[in-house]
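Participant: Please find one structure pasted underneath; my questions will follow.
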Amino acid sequence: MEIVDTLQDGVVILELRGRLDTTNYSFLEEKIMKLIDDNRIHLLVDCTDLSYISSSGLRIMLMGLKKVNSVKGRFVLCCLQENIREIFEISGFTSIFSIFATRQEAMKQF
Amino acid sequence: MTTARIIIRNDIQELERIREFIERQGDEWNLSAKNIFSINLVLEELITNIIFYGFDDDQVHDISIRMSLKNDMLRLRIEDDGKPFNPFHVDAPEDLDKSLEERKIGGLGIYFVREIMDTCSYERSGNKNRLLLSKQVK
């Protein structure tokens, strides 16, 4: 997995590319923790190019959401591929995450 | 019936070989991208469980994965020589409907497996754990 981060209007956009699984979820965990430490608490995770996620990946997303909420930030997702969206649905995560179809819509949340 | 088999070590980096195995077989058997995704997920969750919790020693162990397809019925058989453990005895997470504050992190992997597959069973045979799963793929 590759993580590309860009700063736009005070929002950190994290583009996840490839697969988020048990072998690499810790990279995303470290990235999110470092951003919060740097007081970057407006995070948008763009999943356009995320092709696979397992429970390890979902766990990190949930951790990110909880951490960011605890410091009164915002953690938003956008552009989930269909297979990934289904996994979010099975998990009941669609009701606790803010998920948007496009990056533009997601940016309006900040 | 066509059958494919892979033997991996109890090392999490082996997930990459599992991915290649499923993609190659999936292409050969004309499985949909969705089915390939689902089976990859099922295997990752089960194998990760075995690697992290199945062995008390620091030895290298083999885990065998057999996948077969007959009349659009895909079957998986996973065998390991770890301590006896039936992953399907673990209850489904109870907090799927709960709010963010109430949700515990974790416990989802086996739940995915049960949601995705049509049948899941466990048996202990000699010193081996054997998981048998099936799913209609069309």
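Throughout, read-outs are computed from the coordinates displayed, never taken from laboratory work. Predicted model only: the values in this text are computed from it and were never measured. Positions of Cβ are backbone-derived with ideal geometry, glycine not excepted, and every protein chain shown enters the neighbour counts.
Participant: Taking A:THR94 as the residue in question, decide whether it is touching a Lys or Arg at 6+ places or on another chain (Cβ under 9 Å) and β-branched (Val, Ile, Thr). Talk me through it step by step, then tell me what you get.
Facilitator: On the way: touching a Lys or Arg at 6+ places or on another chain (Cβ under 9 Å): yes; β-branched (Val, Ile, Thr): yes.
When the stated conditions are applied, A:THR94 passes them.
Participant: Under the condition of being acidic (Asp, Glu) and in a helix (DSSP H, G or I), which residue from region B:1-34 is farthest from the other protein chains (Cβ to nearest Cβ)? Working first, answer last.
Facilitator: From region B:1-34, those acidic (Asp, Glu) are B:11, B:14, B:16, B:20, B:23, B:27-28; that's our starting set.
Next cut, in a helix (DSSP H, G or I) only: B:14, B:16, B:20, B:23, B:27-28.
Values: B:GLU14: 9, B:GLU16: 7, B:GLU20: 12, B:GLU23: 11, B:ASP27: 15, B:GLU28: 20 Å.
For region B:1-34, the residue satisfying everything is B:GLU28.
Participant: Looking only at residues in region B:1-39 that are free of Cβ contacts under 8 Å to residues at least 24 places away in the same chain and of a type in the set (S, T, N, Q), which one is nearest to A:ARG19 (Cα to Cα)?
Facilitator: Applying the filter and picking the extreme gives B:GLN13.
Participant: May I pose another question? Across region A:61-110, which residue is nearest to the chain's Cα centre (by Cα) among those that are over 24 Å from B:LYS98 (Cβ atoms) and within 14 Å of chain B (Cβ to nearest Cβ)?
Facilitator: A:GLN81
Participant: Here is a check on your reading of the model: is B:SER68 of a type in the set (Ser, Thr, Tyr), surrounded by 17 or more Cβ atoms within 10 Å (Cβ to Cβ) and in contact (Cβ under 8 Å) with a residue 40 or more places away in the chain?
Facilitator: Working: of a type in the set (Ser, Thr, Tyr): yes; surrounded by 17 or more Cβ atoms within 10 Å (Cβ to Cβ): yes; in contact (Cβ under 8 Å) with a residue 40 or more places away in the chain: yes.
The answer is yes for B:SER68.
Participant: Considering only residues that are of a type in the set (A, V, I, L, M, F, W, C), free of Cβ contacts under 8 Å to residues at least 40 places away in the same chain and not in a strand (DSSP E or B), which ones fall in region A:49-63?
Facilitator: A:LEU58, A:MET61, A:LEU62, A:MET63
Participant: Return yes or no: is A:TYR25 surrounded by fewer than 21 Cβ atoms within 10 Å (Cβ to Cβ), of a type in the set (Phe, Trp, Tyr) and within 23 Å of A:ILE90 (Cβ to Cβ)? First the steps, then the outcome.
Facilitator: On the way: surrounded by fewer than 21 Cβ atoms within 10 Å (Cβ to Cβ): no; of a type in the set (Phe, Trp, Tyr): yes; within 23 Å of A:ILE90 (Cβ to Cβ): yes.
No.
Participant: Scan region A:1-41 for residues that are more than 11 Å from the chain's Cα centre (by Cα) and within 14 Å of A:VAL76 (Cβ to Cβ) and jot them down.
Facilitator: Matches in region A:1-41: A:GLN8, A:ASP9, A:GLY10, A:VAL11, A:LEU35, A:ARG40, A:ILE41.
Participant: Among the residues of region A:1-48, what is the count of those that are outside any helix (DSSP H, G or I), within 14 Å of chain B (Cβ to nearest Cβ) and under 12 Å from A:VAL68 (Cα atoms)?
Facilitator: Within region A:1-48, residues that are outside any helix (DSSP H, G or I), within 14 Å of chain B (Cβ to nearest Cβ) and under 12 Å from A:VAL68 (Cα atoms) number 0.
Participant: Applying the selection to region A:64-86, what residues are of a type in the set (Val, Ile, Thr) and assigned to a helix (DSSP H, G or I)? Quick ask: steps written out before the conclusion?
Facilitator: To start, the set of residues in region A:64-86 that are of a type in the set (Val, Ile, Thr) comprises A:68, A:71, A:76, A:84.
Listed by number, the residues that qualify are A:VAL68, A:ILE84.
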